[in-house]
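First up is the structure itself, then whatever we jot down about it.
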Amino acid sequence: MTVTAKLALAFQLATEPALIPARAEFRKWAKATLLHDVMATLRIVDEAEGLQLNQDYRGKPYATNVLTFAYGVEDQDGSLSGDIVLCAPVVAREATEQGKPLSAHYAHLTVHGMLHLQGYDHEIEDEAVAMEAVESFIMMRLGFPDPYQDG
């Protein structure tokens, strides 16, 4: 099956670039999730911005690993649009705590955010099970281990 969906991905680096995968990697990971045409911005932030965004938009007083802001369908071409924000210090800390390669964790969170942008959610158990299955499939197709399996 050939996916014909198109990706327009802007990249913003708002933190120190140390240990952050190349833009081409993020593009490959995002493209692997496409079910629809998508216009997105992927922003990599520091802990202060991650905290502020999570506080402002979710009412949570801590920086989280990934936030997705899905804006819906663009009028001009029918693409879905949105922003995905990855908090570099949180991603790095989690990768270390979970014993995962940093690139694998960035890949997983990029896939996770892109799926949210395309309508997936995990607020209720059935949706979470479905979303995790799709994430696992995409991650393994990309050559990474299943992020929901220990070890």
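Read the figures in this text as sums done on the coordinates, not as results from a lab. Since this is a predicted model, take the numbers as computed values, not measurements. Cβ sites come from the backbone with ideal geometry, for glycine too, and all protein chains shown count toward neighbours.
Do you know the relative contact order of the chain, to the nearest whole percent, from alpha carbon pairs under 8 angstrom that are 6+ apart?
Values: 234 pairs, mean separation 32.3, N = 151.
Dividing the mean separation by the residue count of the chain yields 21 percent.
Among the lysines, which have Cα under 23 Å from the Cα of LYS100 when same-chain residues fewer than 8 positions away are ignored?
Excluding near neighbours in sequence, the set is LYS28, LYS31.
Which GluC sites (Glu not before Pro) in region 74-143 pass both tests, a DSSP loop state and at most 16 other beta-carbon atoms within 10 Å?
On the way: sites: GLU74, GLU94, GLU97, GLU123, GLU125, GLU127, GLU132, GLU135; in loops: GLU74, GLU123.
Sites meeting the loop and neighbour criteria: GLU74, GLU123.
What share of the DSSP beta bridges in the chain is antiparallel, in percent to the nearest 5? All intermediate terms of the calculation are to be shown ahead of the outcome.
Details: 7 of 23 bridges.
Rounded to the nearest five, the antiparallel share is 30 percent.
Going by how many other Cβ atoms sit within 10 Å of their own, how do ASP56, ASP46 line up, fewest first? Working shown, then result.
Numbers: ASP56 9, ASP46 15.
Placing the least packed residue first, the sequence is ASP56, ASP46.
Which option, [x] 95, 45, 26; [y] 37, 34, 33; [z] 102, 37, 26, is the value of Cα extents along the principal axes in Å that was calculated from these coordinates?
Given [x] 95, 45, 26; [y] 37, 34, 33; [z] 102, 37, 26, the calculated one carries the label [y].
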